[in-house]
Amino acid sequence: MSETIYVPQDSGALSLGAGEVARALQAHGARRGEMPHIIRTGSRGLYWLEPMVEVDTAQGRVAYGPVTGADVESLFEAGFLDGKDHRLRLGLTEAIAYLKKQERLTFARVGITDPGSLDAYLAHGGYRGLKRALEMTGAQIVDEISLSELRGRGGAAFPAGIKWKTALETSADRKYVVCNADEGDSGTFADRMLMEGDPLVLIEGMTIAAVCIGAAQGYVYLRSEYPHSYRALVRAIDAAYERGYLGEDVLGSAKRFDLEVRVGAGSYICGEETAMLESLEGKRGMVRYRPPVPAVEGLFGKPTIVNNLVTFATVPIVLEKGGRFYKDYGMGRSRGTLPIQLAGNVKRPGLIEKGFGVTLREIIYDYGGGTASGRPLRAVQVGGPLGAYLPENELDTPLDYEALAARGGLLGHGGIVVFDDTVDMAEMARYAMEFCALESCGKCTPCRIGSVRGVEVIGRILKNVEREANIALLEELCETMKFGSLCALGGLTPLPVMSALRHFPGDFGLSPSDLEAAQEQQALTGRAPQG
Amino acid sequence: MAIEPEWDKEAVRSIAFSLKHKPGALLPILHEVQGRFGYIPAEGIPVIAAVLNLSRAEVHGVVSFYHDFRSEPPGKHVIRVCRAESCQAMGAVALASHIKRRLQLDFGQTSDDRLFALEAVYCLGNCACSPAITIDEELYGRVTAQRFDRLLARFEGRRS
Ligand SMILES: Cc1cc2nc3c(=O)[nH]c(=O)nc-3n(C[C@H](O)[C@H](O)[C@H](O)COP(=O)(O)O)c2cc1C
Ligand code: SF4
């Protein structure tokens with residue numbers, strides 16, 4: 001009998017040696033005459049266990065990890081092909097608590113199937129959403145999406161149903177569907193995992209959007225830092241074309257939909273949707289003024305649905321199981337599930353898809369196991385480089401768009417980065433300004449110049465030069481950026497900076513009462529003394 | 001990477017022609033040119049501009065806007081070190097110092113023998129395996145100073 005071994009081809013797993021493990025499995029298997037069948041999958045998202053290898057048994061898949069090339073011989077010796085015991089045996093994969101407690105809807109197939117195999121996709125429920133959509137009118141599809149209350153997962157959390165409705169109701173000779181796969185937010189990797197683990201779900205979601213509004217052309221705008229994702233996507237797109245799921249006659253519906261991957265060029269601001277459209281048009285990634293919104297005038301001036309990759313990848317299950325099914329997950333006005341990306345200084349980093357409402361504490365401690373260093377946790381950044389830093393005493397905040405906003409933060413694309421007590425929060429604040437200066441598109445002065453000044457001012461604070469005056473100046477600078485910037489890069493960089501200052505004044509050389517005094521001074525004079 | 005070091009006007013022109021039909025063709029063309037030569041030769045800019053009916057200033061503006069596009073040939077091996085938050089939380093600052101010391105290079109520099117170039121990068125999407133670096137196309141996670149030295153040895157062996 002030819003046993004099956006599953007080895008991830010996800011770039012995270014590869015960065016830890018999964019490629020070498022696959023080669024060793026092949027070589028040892030051949031030497032032993034066992035010739036196992038190796039299927040390359042995405043990652044289950046249990047990254048502290050990667051490279052994680054799975055085998056089929058009568059009870060289900062059994063996992064072993066983290067495996068190195070050097071462990072392979074002993075795995076064969078132990079009889080791992082039959083799920084036998086070994087020092088690295090983790091038991092039934094689905095029974096691993098980290099995975100078992102999740103609610104995987106968007107990520108249902110990631111880590112399970114061969115991402116390039118259309119047959120595997122179909123066998124695991126793929127393309128049921130599209131089949132249903134092809135029997136519906138555009139307005140009915142919009143209704144289903146609206147019913148699900150799905151909000152954009154790229155950061156702004158705008159209701160997908162409203163965006164689609166606008167694009168549907170704007171008449172034009174051409175329309176476009178564009179997937180934002182720029183995933184620039186540090187601490188996030190959900191888009192990448194989907195592309196490398198289940199790219200067909202994205203393709204299906206985009207096809208449903210195209211069918212809905214009558215678009216014949218789609219683009220995936222992919223960041224250049226993801227070469228593995230590029231290969232996985234292209235392979236899946238080719239497979240879809242070959243079998244008539246893309247192209248001139250999608251599933252015999254007489255509807256055309258072509259899909260192309262376009263690669264970005266290392267610019268964070270090109271994740272902002274209008275800068276991305278400029279970039280797709282072959283220009284500098286400058287943010288556009290709005291209105292018009294892209295759903296009215298987007299790519300090449302035509303109505304365009306721009307959604308984040310996770311948003312599109314969630315559409316198939318909404319169409320398949322219905323908006324009501326999806327909406328049953330979550331809390332408050334944040335419905336459905338969120339693929340949470342846990343990273344930084346944490347024992348068990350990974351991908352956790354859960355209904356909205358799970359608290360930061362549950363994610364960081366129950367799932368994550370606390371800090372990797374074993375030192376006390378000091379700060380957590382939620383929502384990428386423009387997200388706030390929260391101290392330990394705010395960890396009971398539920399992950400929900402409104403709950404985070406109420407604490408002056410944001411949920412963004414769902415990334416959580418944990419820091420232990422060795423972090424210097426003034427350095428992190430300076431880094432946030434540096435990043436803004438580096439990535440600013442240059443359109444607004446407060447963002448372009450303010451961020452450069454911000455780096456200097458924090459530098460002086462760190463050197464203890466006229467500390468109070470410079471703190472007041474920093475506060476003023478942040479106010480100017482917040483209110484004088486066109487997009488969220490300039491507008492939200494003050495968030496990590498000010499939250500660091502507010503929660504960790506000691507790192508800026510201030511006692512909490514000094515901080516209050518500096519704030520009062522700024523409020524009284526309306527402007528800060530020159531630093 | 002099979003990089004042809006010599007820039008070649010005809011090759012640039014034929015790349016531009018072969019992709020010109022695409023809507024918004026400039027970025028795909030620039031990627032292809034850089035893929036071939038390792039950078040965008042300044043002399044190639046008027047060639048691309050002519051094919052696309054753009055001004056040189058427009059093409060130059062795009063090349064200079066994006067961090068990825070180089071105007072100089074890169075080192076033979078490009079090492080990129082992630083500076084973003086998750087990697088910082090896992091010791092990327094110390095790792096970067098080690099790498100800089102080891103290579104005797106700062107971010108943005110290329111070694112005199114052009115064997116190595118060192119670049120900063122802001123997130124490689126490998127945040128669950130921080131700290132992360134890339135050497136050429138290859139991604140590495142949970143990189144320690146020792147692991148870096150081992151990886152580097154493979155490339156340094158070829159230094160003559
Ligand atoms: C500076 C900046 C960077 C952004 N980067 C991304 C990104 O990398 N990926 C993404 O999906 N959205 C990003 N966005 C949000 C997009 O502008 C847009 O809201 C999103 O693509 C819409 O899709 P959604 O509604 O499905 O979230 C960014 C926004 C800003 C202001
Ligand atoms: S805030 Fe910054 S990045 Fe955004 S439009 Fe203004 S200058 Fe550009």
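The values are calculated or read from the model by the stated rules, or taken from the named source; none is laboratory data. Quick caveat: nothing in here was measured; it's all calculated off a predicted structure. Here the Cβ positions follow ideal geometry from the backbone for every residue, glycine too, while neighbour counts run over all protein chains shown.
Couple of notes before you dig in:
- Meets criteria (in contact with a strand residue (DSSP E or B) (Cβ under 7 Å, 6 or more places away or on another chain) and over 27 Å from A:Glu149 (Cα atoms)) for A:Asp420: yes
- Filtering A:Gly91, A:Gly17, A:Gly69 for residues that are more than 29 Å from A:Pro316 (Cβ to Cβ) and either basic (Lys, Arg) or touching a Ser or Thr at 6+ places or on another chain (Cβ under 7 Å) (or both) leaves a single hit, A:Gly17.
- Qualifying residue in the range B:102-122 (condition: more than 14 Å from chain A (Cβ to nearest Cβ) and part of a helix (DSSP H, G or I)): yes
- Scope the range B:137-160; condition within 11 Å of chain A (Cβ to nearest Cβ) and modelled with pLDDT of 95 or more; matching residues: B:Glu138, B:Leu139, B:Tyr140, B:Gly141, B:Arg142, B:Val143, B:Arg147
- Residue in the range A:1-14 that is more than 30 Å from A:Gly330 (Cα to Cα), part of a loop (DSSP other than H, G, I, E, B) and polar (S, T, N, Q) present: yes
- Sub-9 Å Cβ pairs linking a first residue in the range A:434-460 that is within 11 Å of chain B (Cβ to nearest Cβ) and assigned to a loop (DSSP other than H, G, I, E, B) to a second residue that is more than 7 Å from ligand 2 (Cβ to nearest atom) and aromatic (Phe, Trp, Tyr), at least 6 apart or interchain, are A:Cys441/B:Phe65; A:Gly442/B:Phe65, ordered by first then second residue.
- Every residue from the range A:14-40 that is in contact with a helix residue (DSSP H, G or I) (Cβ under 8 Å, 6 or more places away or on another chain) and surrounded by 24 or more Cβ atoms within 10 Å (Cβ to Cβ): A:Leu14, A:Ser15, A:Leu16, A:Val21
- Qualifying residue in the range A:314-325 (condition: more than 15 Å from ligand 1 (Cβ to nearest atom), on the phi > 0 side of the Ramachandran plot and either buried (at least 24 other Cβ atoms within 10 Å of the Cβ) or within 14 Å of chain B (Cβ to nearest Cβ) (or both)): no
- When we screen B:Ala94, B:Ala57, B:Ala50 for residues that are loosely packed, with under 15 Cβ neighbours inside 10 Å, more than 14 Å from chain A (Cβ to nearest Cβ) and either part of a helix (DSSP H, G or I) or more than 17 Å from the chain's Cα centre (by Cα) (or both), the only hit is B:Ala50.
- Search result, residues across the range A:280-295 that are facing chain B (nearest Cβ under 7 Å) and either away from ligand 2 (no atom under 15 Å from the Cβ) or out of contact with any Phe, Trp or Tyr (no Cβ under 7 Å at 6 or more places or on another chain) (or both): A:Leu280, A:Glu281, A:Gly282, A:Lys283
- Complete set of residues in the range A:447-477 that are modelled with pLDDT of 95 or more, more than 9 Å from ligand 2 (Cβ to nearest atom) and of a type in the set (D, E, K, R): A:Arg453, A:Glu456, A:Arg460, A:Glu475, A:Glu476
- Only one of A:Gly383, A:Gly374, A:Gly387, A:Gly409 that is surrounded by 18 or more Cβ atoms within 10 Å (Cβ to Cβ) and at positive phi: A:Gly383
- The range A:258-282, subset more than 25 Å from A:His228 (Cβ to Cβ) and touching a Gly at 6+ places or on another chain (Cβ under 7 Å), residue farthest from ligand 1 (Cβ to nearest atom): A:Gly282
- Residue within the range A:374-392 that is within 16 Å of ligand 1 (Cβ to nearest atom) and without any contact (Cβ under 8 Å) to a residue 12 or more places away in the chain present: no
- A:Cys444 being more than 19 Å from A:Gln341 (Cα to Cα), surrounded by 24 or more Cβ atoms within 10 Å (Cβ to Cβ) and either within 16 Å of ligand 2 (Cβ to nearest atom) or at pLDDT below 95 (or both): no
- Matching residues in the range A:296-333 - criterion: being of a type in the set (A, V, I, L, M) and either touching a strand residue (DSSP E or B) at 6+ places or on another chain (Cβ under 7 Å) or within 16 Å of ligand 2 (Cβ to nearest atom) (or both): A:Leu299, A:Ile305, A:Val306, A:Leu309, A:Val310, A:Met331
- Note on the range A:174-248: enclosed helices (runs of 4 or more DSSP H) holding 3 or more residues that are surrounded by fewer than 24 Cβ atoms within 10 Å (Cβ to Cβ) are A:227-242.
- Of everything in the range A:412-425 that is surrounded by fewer than 20 Cβ atoms within 10 Å (Cβ to Cβ) and acidic (Asp, Glu), the residue that is farthest from the other protein chains (Cβ to nearest Cβ) is A:Asp421.
- Test result for A:Gly155, within 16 Å of ligand 2 (Cβ to nearest atom) and either over 24 Å from the mean Cα position of the chain (by Cα) or small (Gly, Ala, Ser) (or both): yes
- Elements of type helices (runs of 4 or more DSSP H) contained in the range A:41-129, each with 3 or more residues being farther than 18 Å from A:Gly29 by Cβ: A:97-100, A:118-123
- Between A:Arg192, A:Arg243, A:Arg231, the distinction of being out of contact with any Lys or Arg (no Cβ under 8 Å at 6 or more places or on another chain), away from ligand 1 (no atom under 16 Å from the Cβ), within 14 Å of chain B (Cβ to nearest Cβ) and over 26 Å from A:Asp173 (Cβ atoms) belongs to A:Arg231 only.
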